[in-house]
1. Only one of (1) loosely packed, with under 13 Cβ neighbours inside 10 Å; (2) assigned to a loop (DSSP other than H, G, I, E, B); (3) touching a residue at least 40 places away in the same chain (Cβ under 8 Å) fails for GLU167. Which number is that?
2. Has segment 103-122 got at least one residue that is touching a helix residue (DSSP H, G or I) at 6+ places or on another chain (Cβ under 9 Å), part of a loop (DSSP other than H, G, I, E, B), modelled with pLDDT under 95 and on the phi > 0 side of the Ramachandran plot?
3. Just one of (1) under 18 Å from the mean Cα position of the chain (by Cα); (2) assigned to a loop (DSSP other than H, G, I, E, B) trips up ILE37, so point out which.
4. I need the full set of residues from segment 37-61 which are farther than 25 Å from LEU147 by Cβ and surrounded by 15 or more Cβ atoms within 10 Å (Cβ to Cβ), in order please.
5. Is it the case that some residue within segment 99-106 is in contact with a Gly (Cβ under 7 Å, 6 or more places away or on another chain), farther than 30 Å from GLN39 by Cα and surrounded by 12 or more Cβ atoms within 10 Å (Cβ to Cβ)?
6. Could you list, in sequence order, the residues of segment 121-166 that are of a type in the set (Gly, Ala, Ser) and under 13 Å from the mean Cα position of the chain (by Cα)?
7. Output yes when any residue across segment 40-47 is modelled with pLDDT of 90 or more, part of a helix (DSSP H, G or I), within 28 Å of ASP166 (Cβ to Cβ) and of a type in the set (Lys, Arg), and no when none is.
8. Go through segment 143-158 and give me each residue that's of a type outside the set (A, V, I, L, M, F, W, C), touching a residue at least 24 places away in the same chain (Cβ under 8 Å) and in contact with a strand residue (DSSP E or B) (Cβ under 9 Å, 6 or more places away or on another chain).
Amino acid sequence: MSSVERQRDFFDICGRCKIDCCKDARPPISLRREEIIKQYLRTNGIEIRDPFVHGEYVFPREDNEGYCIFFDRKTRRCIIQPVKPETCVAGPITFDVNFEECRIEWYLKMEKICPLAGIIYVNKAEFDKHFETARREILQLLRDLPLNELKIILKREEPDTFKIGDEPIPWDILKFSK
């Protein structure tokens, strides 16, 4: 799947933004995504030593100031844009999982922390298109992550968001969440 199919290029908006989404973000990386990113780095001759932290869950290493190792502060672009983590593609849409009710809850960041959220929210067609991309990416992440890692990730607070919907957890994800 090409990067155009994964995510519309919002760089015109995100490139001007002064909010640092790529700082202290720690997006979850599944084993599948880790391999995709490593292959992209090799193919493109990008050398980053030990790009991932393997702790309670896997995420991109950060520099001394807490920025994702894949974020180029000069260009304000992700150096792995075509293969970046699912939650980065999905932003400013985020999620939670209600295991008791077997539902995925969808949230949108508030405009004060993500100007892109305000721009897409007022344009229903743009919002719907991005939501479908975000939904597809997040569902893939949920399929790929081990349950213990997902539960750790879900403990991270997502302040300044509001609920935009929920849906039943698809069966192929639900069967692994019990």
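1. Of (1) loosely packed, with under 13 Cβ neighbours inside 10 Å; (2) assigned to a loop (DSSP other than H, G, I, E, B); (3) touching a residue at least 40 places away in the same chain (Cβ under 8 Å), only one is false for GLU167: (2).
2. no
3. Only one criterion is unmet by ILE37, namely (2).
4. Here is the first cut: in segment 37-61, the residues farther than 25 Å from LEU147 by Cβ are 39-50.
Scanning segment 37-61 gives TYR40, LEU41, ILE48.
5. Keep residues of segment 99-106 that are in contact with a Gly (Cβ under 7 Å, 6 or more places away or on another chain), which gives 106.
Filter once more, so that each one left must be farther than 30 Å from GLN39 by Cα: 106.
Applying the additional criterion that residues be surrounded by 12 or more Cβ atoms within 10 Å (Cβ to Cβ) yields 106.
Within segment 99-106, one or more residues are in contact with a Gly (Cβ under 7 Å, 6 or more places away or on another chain), farther than 30 Å from GLN39 by Cα and surrounded by 12 or more Cβ atoms within 10 Å (Cβ to Cβ).
6. First, pick out the residues of segment 121-166 that are of a type in the set (Gly, Ala, Ser): 125, 134, 165.
Listed by number, the list holds a single entry, ALA134.
7. At the first step, the residues of segment 40-47 found to be modelled with pLDDT of 90 or more are 40-47.
Next cut, part of a helix (DSSP H, G or I) only: 40-43.
If we keep only those that are within 28 Å of ASP166 (Cβ to Cβ) as well, we get none.
No.
8. Those that are of a type outside the set (A, V, I, L, M, F, W, C), touching a residue at least 24 places away in the same chain (Cβ under 8 Å) and in contact with a strand residue (DSSP E or B) (Cβ under 9 Å, 6 or more places away or on another chain): GLU149, GLU158.
The values are calculated or read from the model by the stated rules, or taken from the named source; none is laboratory data. None of these values were measured; they are calculated from a predicted model. Virtual Cβ from ideal backbone geometry, glycine too; neighbours counted across all protein chains shown.
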